[in-house]
Amino acid sequence: MQVARVLQTYLDGEADEVTAQRVAAHVEDCRRCGLETAVYQEIKNSLARQELPNETAMARLRAFGATLLTPGPAEACDETVGPDWA
């Protein structure tokens, strides 16, 4: 969940270097976060091409956004980041 909260900042290139490295490493190892990264990137690419993202991508993004609004168990993610996560 901590990665999810900074994922958009990371994808926009606005994360500081330490955070970007941690997110990149986590996304590489965590299947769920890697998939969300791919969905975000596809939406971003579609918008850059001035196309509407496909409905499947939009549905996944809405569902993922909803998970960020509600506290959930840490095991929802394949990996934990650790207590020193920035």
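Things to note:
- Whole-Hz ³J(HN,Hα) from phi, Karplus 6.51 cos²θ - 1.76 cosθ + 1.60, for the range 26-34, glycine and proline x: 5, 4, 5, 9, 9, 4, 5, 5, x
- When each of Leu47, Leu11 is scored by the number of other beta-carbon atoms lying within 10 Å, the sequence from fewest to most is Leu47, Leu11.
- The stretch between Met58 and Ala20, if pulled fully straight at 0.36 nm per residue, gains 11.2 nm over its current Cα-Cα span.
Values in this text are rule-based calculations from the coordinates and carry no lab data. Note that this is a predicted model, so its numbers are computed, not measured. Neighbour counts are summed over all protein chains in view; Cβ atoms, including those assigned to glycine, are modelled from backbone coordinates with ideal geometry.
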